[in-house]
Amino acid sequence: MTKKQALQLFEERKVRTVWDSEQEKWYFSIVDVVAVLTDSDYQGARNYWKVLKNRLAKEGNETVTNCNQLKMQAEDGKMRKTDVADTEQLFRLIQTIPSPKA
């Protein structure tokens, strides 16, 4: 499987992405997207995602169940596992975040 990492910019904020050539899908860092939508820093976005993920899991939301983790480059330069979503999963998650940017 060939994976290509890239940074995408949305309103001057970085969103880490990975292209999976085998599945022909983009995967997006959920925490990065949450940070953009909630106008929060990385730690705030992590906490927001943690609470949202638990709430959605309790509701039986399959989107959270289907989220994977991939290694992406962190701000310190190390490769760390982070929750990712493909485009379809990401749209479903965005719908659960009350934000005018969504």
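Per residue, how many Å² of accessible area does the chain show with a 1.4 Å probe?
Value for the chain: 67 Å² per residue.
Applying the Karplus parametrisation 6.51 cos²θ - 1.76 cosθ + 1.60 with θ = phi - 60° to the phi angles of the stretch 66-71, what ³J(HN,Hα) value in whole Hz is obtained for each residue in order, glycine and proline being reported as x?
8, 5, 10, 10, 10, 7
Just want the answer: with Cβ charges of +1 for Lys and Arg and -1 for Asp and Glu, which residue in PHE28, LEU70, THR96 is farthest toward the dipole's positive end in the chain?
Among PHE28, LEU70, THR96, the one farthest towards the positive end of the dipole of the chain is LEU70.
Could you tell me the ratio Rg/Rh of the stretch 34-95? Both radii from Cα atoms, Rh via Kirkwood.
The Rg/Rh ratio comes out at 0.97.
Quote the FRET efficiency, to the nearest 0.05, computed for THR87 versus VAL51 with a Förster distance R0 of 30 Å and r equal to the Cβ-Cβ distance.
0.80
LYS81: accessible area at probe 1.4 Å, nearest 10 Å²?
Surface accessible to solvent at LYS81 totals approximately 140 Å².
Zone of GLN95 (label point 7 Å along Cα→Cβ, backbone N under 13 Å): which residues in the stretch 48-69?
61-64
Given Cβ point charges of +1 (Lys, Arg) and -1 (Asp, Glu) and nothing else, what value in debye, to the nearest 20, does the dipole of the chain about its Cα centre take?
The calculated dipole for the chain is roughly 320 debye.
Roughly speaking, what is the centre-to-centre gap between the stretch 15-37 and the stretch 44-66 when only Cα atoms are used, to the nearest Å?
The two parts, judged by their Cα centres, are 17 Å apart.
What's the lysine pair count for the stretch 1-89 at a Cα cut-off below 15 Å, pairs eight or more apart or interchain?
Step by step, the pairs that qualify in the stretch 1-89 add up to 8.
The values are calculated or read from the model by the stated rules, or taken from the named source; none is laboratory data. The model shown is predicted, which means the values in this text are computed figures rather than measured ones. Cβ coordinates were reconstructed from backbone atoms using ideal geometry, including for glycine residues, and neighbour counts include every protein chain displayed. Side chains included, ligands, DNA and RNA excluded: accessible areas come from the protein's heavy atoms. Shrake-Rupley method; radii C 1.70, N 1.55, O 1.52, S 1.80 Å.
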